[in-house]
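Data block below; observations after.
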Amino acid sequence: MDTNVKNLKVYTSSLEELNVPKIERESKFLGAGCLGFAYLTKDNKVIKLLDRPGTRRQYELLSFIKNLELPNAYHIHDVLSNKKNGIKSYGGIIYEYINKEKVNLWEMPSSFIVENFKKLFAQAIILGHNCVLIDDLHIGNIIVNHDSITTIDFDEYYFDLKNVTSSNIEKMRQVLMDLLIFNYLVYNNEKDKNKDLITNNLKKVKSLGEFSNYRNLNNWLKKAN
């Protein structure tokens, strides 16, 4: 980690200063991204710290989302700031660790897909009704395991002046479609030539209830073809 990063002051919402070198020394390094780096603590929490001070908008947005209790979203324990007093700037976040597993979604029971997708669309609706625009949502910000399909990393979402539910639903729909396509190609060792066929079949789906008539998505796809 860069020396300048170690020297950044980071405070919890209760004004406690985090010991960044200690976190680096005693926690498991999970990785670095375009915004900063993340560590897994001994009590199974992820501490994500920015490598440069964030914005007031990010701090206020994450603090707002933290209290929404969104379905199928990572649980935010605390939002961090680089300023102890005055106007807060976003310094990072502490959230629950979610285990990522290899899961063939096309072989999972249809009930698993339907239940999780309904909750993810509900998440998009709640955010939209609260004038929060979904942005920077892609399959890299979705964690899949045998228990759930969960979204993470809301750092680049935005407050909007209006209800943005329709936009959020469409964004969620497209990302979930991308997730299913990517997952299918990985587990079926298929070439990209099948991507258009799968995409066209998914686009025809008007209701998640269509999946409920089949044991899994592979069975649905055979019928769709």
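To make sure I understand the rule: partners must be aspartates and glutamates, Cα under 16 Å from the Cα of LYS42, and not fewer than 8 residues away in the same chain. Which ones qualify?
Of all the aspartates and glutamates, those that pass the test against LYS42 - Cα under 16 Å, at least 8 places apart if same chain - are GLU24, GLU26, GLU96.
Give me the extension gain from ALA32 to LEU15: residue separation times 0.36 nm, minus the current Cα-Cα distance, reported in nm with one decimal.
Once the chain is fully extended between ALA32 and LEU15, it gains 3.6 nm.
Going by average Cβ neighbours within 10 Å, how do the peptides 139-145, 205-211 rank, with the highest at the top? If you can, show how the numbers build up before the last one.
On the way: 139-145: 15.6, 205-211: 12.7.
Going from most to least packed, we get 139-145, 205-211.
Given segment 14-139, what whole percent of its Cα pairs are spread farther than 23 Å? Show your work: numbers first, answer last.
On the way: 3253 of 7875 pairs.
Cα-Cα pairs in segment 14-139 separated by more than 23 Å: 41 percent.
Pull up the cross-link candidates among the aspartates and glutamates for LYS195, meaning alpha carbon to alpha carbon under 15 Å and not fewer than 8 places away within one chain.
Output for LYS195: ASP178.
Going down the table (LYS45/LYS119; LYS45/LYS102; LYS9/LYS45; LYS9/LYS162), which pairs top 28 Å between alpha carbons? Could the numbers behind the result be given before it?
On the way: LYS45/LYS119 23 Å; LYS45/LYS102 21 Å; LYS9/LYS45 20 Å; LYS9/LYS162 35 Å.
The pairs that break the limit, which is 28 Å between Cα atoms, are LYS9/LYS162.
Tally Lys and Arg at +1 and Asp and Glu at -1 over the other residues with C-beta under 15 Å from the C-beta of THR12: what net charge comes out?
On the way: positive: LYS9, LYS22, LYS45, LYS48, LYS66, LYS83, LYS84, LYS88; negative: GLU16, GLU17, ASP43, ASP78.
Computed value for this residue: +4.
Rule-based calculations on the coordinates, nothing more; no lab input. Model, not experiment: these values are computed from the prediction. Counting neighbours? That spans all protein chains shown, and the Cβs are built from the backbone with ideal geometry, glycine included.
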